[in-house]
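Reading through the structure tokens given below for one structure.
The values are calculated or read from the model by the stated rules, or taken from the named source; none is laboratory data. Predicted, not measured: the structure shown is a model, and the values here were computed from it. Quick reminder, even Gly has a Cβ in these numbers, built from the backbone with ideal geometry, and neighbours come from all protein chains shown. In case anyone asks, the SASA skips ligands and DNA or RNA and just uses the protein heavy atoms, side chains included. Shrake-Rupley method; radii C 1.70, N 1.55, O 1.52, S 1.80 Å.
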Amino acid sequence: MQRIVLLAFVGIVFPLLVSATDPIEKASVATLPESGDHWVWVPDRILQHSVLFDGDTGEALGMLDSTSTLTPKTPLFSRTRGEFYSVDTAYTRGNRGSRIDFVSIYDARTLGYEAEILLPTQTGQSNSSHAYAELLGDRFLATFNQFPNVSVSIVDLEQRRFVEEIVMTGCAGVFPVGPRRFAALCGDGTALRVDLDASGRKQSFSSSPKFFDAVTDPVAMSAGRDGTRWVFVSFSGQVHSVDFSTDPPTPTPGWSLLDDTLARAGWRPGGLQHVAVHEPTQRLYVVMHQGEAGSHKKPGNIWVYDLNQKKRTDRFELPNLTAAFLIPFAKVEPAGFVSRLMRWTLPSPGVHTIAVSADASPVLFARNAELGAVAVLDALSGKTLRVIGEAGLAGPTLRVP
Amino acid sequence: MTRLDAWWEERARRLARNAGRRTFLARMGTLLVGGTALPLLPVARAYGEGKKSARVPAPAEGFDGPAGDPKRCEYWRHCAIDGFACACCGGSATTCPPGTEVSPVTWVGTCRNPADGKDYLISYNDCCGKAFCGRCPCNRNEGERPDYHWYRNNDINWCAGARSQVYNCSLAVVIGQATEAQPEK
Amino acid sequence: MKKAVVLTLFVGWIAIASVSRAAESNAENYLLHCSGCHGADGRGVPGVTPSLHGIAELLERPGGRAYLGRVPGVAQAALDDRKLAALLNWVLTEFSQHSADPPYSGKEMHRLRKNPLRDTVSGRPTQASTKE
């Protein structure tokens, strides 16, 4: 009996008392849940921010701003530290004034700003910025610089300070290999392995033998990581897997994505971030199109290869991203007749960019750089799971945190 | 950082020592007197202390169709442009929009002019100091190469050396005639 | 005798013509492969790219000769060994009024560019340096 009275008080009287003094709702700030395997950062070069989406629901979870006036570098995530990092460039008066380059640190649950680390170097800026800013492990962050020196700046996230600038003229990119090791691609057709000492300073350089030709058949900067290896794909479709655990790095013999018939029909890889590797299943995803010399940034469709068998295993169908982008602007009912008509009639130009999650039931994200819509595919079957609309306006990159 | 600063300083000092010398292109003029002339076009003229090089066959321009129109991505000089065509932004293929600045560092490639069948050296200087022009976005990549072959890369922001490295649009300046297409083609 | 004169004149003409043609292709190669960064006048952009005026001075430093062939802008240029050697020789005389002695040959260039310099800051020869 006493209990019933107590329950009645808690259930009926108490809420009445509270609502009598407080408004029904109160504004507050959301926080992120524990990070999901199928999250994706969608940077936008026009809106100057990166939006975090959950690929399982298609919902936006939050965003990080960027002061960069080119494509924002995709935010980096350290699960161990519980932080996101954003490498940025800003001017004191908006688009003029003196320039600063810096790393912003955000809490991974609140997305609130925590601290910044100023860089004495000028971060490279490029439309696609592949391998321009990467985490090597949980302690060191590396940024690629272009002017005045071609170099990499090492940042110590534990001590939150800039460590040093490593000059590597004639090479480009930061391809992480281990907590104190990364690789870069060089203009003489080799790859450079850079090892750091315990404090993050340069310990050694080691160059691979030449495995590609920068003039006749260069490999793209978009590449897939496979443990201590990186899988590079050339303009003509040669696959070069380079193992950076050895000193010097070991390129394995190249193989082709195309048989003679396909090559003769003009099929070739292309896009902006058009190569992805799912390490556990040794799947290689490449965006392919029919083109000619100079078409290496054209969008296309997704082909799937088995890295061990070195052969194609699948081709994925893509949803109509033009329609997905335009339907919200047209303000028509998404499930209605006009939307269906748009999906059916609008040309779908293919994608420039793909990214795959690392878990055992992976999803593949795909976007066209000129359309603010992201396709979410089952990375094993190729089935379209959903299309995320209103995913910004334009941008050539994606990153699974 | 001091090591790097000292390194650049030494170069700066050397530059100052050489400041009194005649410019390269004034001397290129001497070179032209001899054999068949290497055609030198707008940039060359800019450096030529106001003197126009007499024997310069300019490329055919203003012909019909998109390849003759600087506002089109198909414009013949735009064969490896990545960005907004300045002709749509208040400038032209050779002039930056008002209030912006020409990047002093740039990359050079060749394009073939369909009207005369000749290859020309194209300098893709960026215009800098104002945000995206946002009009006539183009992305053509004939002979373009990844970042490690950086002097043929059009993804890089070439506004280095300008006061503000904020990218506005891209030029396509003919700096000379080429005897053949660039080796990447 | 007349024949000899004609022949001499002819050979001389060929020589002059081919020298000027070589100079032209060097100038063209310079515009295509170097001028974007170092400027058409070779003066570079302060704080961004170095001037090429007076670089001959580097030849007098220990390791200087190798350095000029191994700087990636040179070593990784999309030119064959012979044309690249000719271009570097031309750059030296054009902007420094000084030629390498002996001039760079295709063979030497082949050897040097096989091993491009990666750390161009600490690898740049200094007066006192004995670095190769």
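Applying the criterion of being of a type in the set (D, E, K, R) and surrounded by fewer than 20 Cβ atoms within 10 Å (Cβ to Cβ) to the residues of segment A:84-100, the residue that is nearest to the other protein chains (Cβ to nearest Cβ) is A:Arg96. For segment A:350-361, does any single residue satisfy the condition of being assigned to a helix (DSSP H, G or I) and over 27 Å from A:Ser234 (Cα atoms)? Scanning segment A:350-361 turns up no residue that is assigned to a helix (DSSP H, G or I) and over 27 Å from A:Ser234 (Cα atoms).
With respect to the conditions (1) within 11 Å of the chain's Cα centre (by Cα); (2) surrounded by fewer than 24 Cβ atoms within 10 Å (Cβ to Cβ); (3) more than 22 Å from A:Gln146 (Cα to Cα), B:Gly90 lacks only one, and its number is (1). For B:Ala115, the conditions (1) outside any strand (DSSP E or B); (2) within 12 Å of the chain's Cα centre (by Cα) are fulfilled apart from (2). Pairs linking a residue in segment B:131-150 that is at the interface with another protein chain (Cβ under 8 Å from one of its Cβ atoms) to a residue that is modelled with pLDDT under 95 and open to solvent by less than 30 Å² (accessible area, probe 1.4 Å), with Cβ atoms under 6 Å and 6 or more positions apart or on different chains, are B:Ala131/A:Thr69. Consider segment C:34-66 and keep the residues that are more than 7 Å from chain B (Cβ to nearest Cβ), open to solvent by less than 20 Å² (accessible area, probe 1.4 Å) and not small (Gly, Ala, Ser). The one that is nearest to B:Thr110 (Cα to Cα) is C:Ile55.
Scanning segment A:61-83 for residues that are within 16 Å of the chain's Cα centre (by Cα), closer than 16 Å to A:Val374 by Cβ and open to solvent by 30 Å² or more (accessible area, probe 1.4 Å) turns up just one, A:Met63. Is it true that A:Ala198 is small (Gly, Ala, Ser) and surrounded by fewer than 24 Cβ atoms within 10 Å (Cβ to Cβ)? Yes. In segment A:198-215, the residues that are within 14 Å of chain B (Cβ to nearest Cβ) and within 23 Å of A:Thr250 (Cβ to Cβ) form Cβ pairs under 9 Å with partners that are assigned to a loop (DSSP other than H, G, I, E, B) and of a type in the set (D, E, K, R), at six or more places apart or across chains, as follows: A:Lys202/C:Asp119; A:Ser207/A:Asp188; A:Ser207/C:Arg118; A:Lys210/A:Asp188; A:Ala214/A:Asp188; A:Ala214/B:Arg145; A:Ala214/B:Glu184. All conditions in (1) in contact with a strand residue (DSSP E or B) (Cβ under 9 Å, 6 or more places away or on another chain); (2) under 30 Å from B:Glu9 (Cβ atoms); (3) modelled with pLDDT of 95 or more; (4) not acidic (Asp, Glu) hold for A:Gln159, with the sole exception of (1). When segment A:31-46 is filtered for residues that are aliphatic (A, V, I, L, M), in contact with a Ser or Thr (Cβ under 9 Å, 6 or more places away or on another chain) and assigned to a loop (DSSP other than H, G, I, E, B), only A:Leu32 remains. Applying the condition of being touching a residue at least 24 places away in the same chain (Cβ under 8 Å) and open to solvent by 40 Å² or more (accessible area, probe 1.4 Å) to segment C:115-132 and asking which residue is nearest to C:Ala23 (Cα to Cα) yields C:Asn115. Taking C:Asp80 as the residue in question, decide whether it is away from chain A (no Cβ under 14 Å) and either among the β-branched types (Val, Ile, Thr) or open to solvent by 10 Å² or more (accessible area, probe 1.4 Å) (or both). Considered against the rule, which asks whether it is away from chain A (no Cβ under 14 Å) and either among the β-branched types (Val, Ile, Thr) or open to solvent by 10 Å² or more (accessible area, probe 1.4 Å) (or both), C:Asp80 comes out as no.
Selection within segment A:329-380: residues that are charged (D, E, K, R) and under 18 Å from the mean Cα position of the chain (by Cα). The member of this set that is modelled with the lowest pLDDT is A:Glu370. Looking across segment A:201-249, the residues that are closer than 26 Å to A:Arg312 by Cα, hydrophobic (A, V, I, L, M, F, W, C) and part of a strand (DSSP E or B) come down to A:Val219, A:Ala220, A:Met221, A:Ala223, A:Trp230, A:Val231, A:Phe232, A:Val233, A:Val239, A:Val242. Among the residues of segment A:113-127, none qualifies, meaning not one is in a loop (DSSP other than H, G, I, E, B) and touching a Gly at 6+ places or on another chain (Cβ under 7 Å).
Given A:Leu135, A:Leu111, which one is open to solvent by 20 Å² or more (accessible area, probe 1.4 Å) and under 30 Å from C:Gly123 (Cβ atoms)? None of the other options fit; the residue is A:Leu135.
Being outside any helix (DSSP H, G or I) and within 10 Å of chain A (Cβ to nearest Cβ) holds for only one residue in C:Pro116, C:Pro125, and it is C:Pro116. Looking only at segment C:83-109, residues that are crowded, with 19+ Cβ neighbours inside 10 Å and assigned to a loop (DSSP other than H, G, I, E, B) come to 2 in all. For segment A:165-189, the candidate set comprises residues that are assigned to a strand (DSSP E or B) and more than 9 Å from every other protein chain (Cβ to nearest Cβ); within that set, the residue that is most open to solvent (accessible area, probe 1.4 Å) is A:Arg181.
The rows are residues; the columns are (1) of a type in the set (Phe, Trp, Tyr); (2) assigned by TED's automatic domain parsing to the domain that holds A:Val376; (3) touching a strand residue (DSSP E or B) at 6+ places or on another chain (Cβ under 6 Å).
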residue	(1), (2), (3)
A:Trp41	yes, yes, yes
A:Leu47	no, yes, no
A:Thr57	no, yes, no
A:Ala60	no, yes, yes
A:Thr67	no, yes, yes
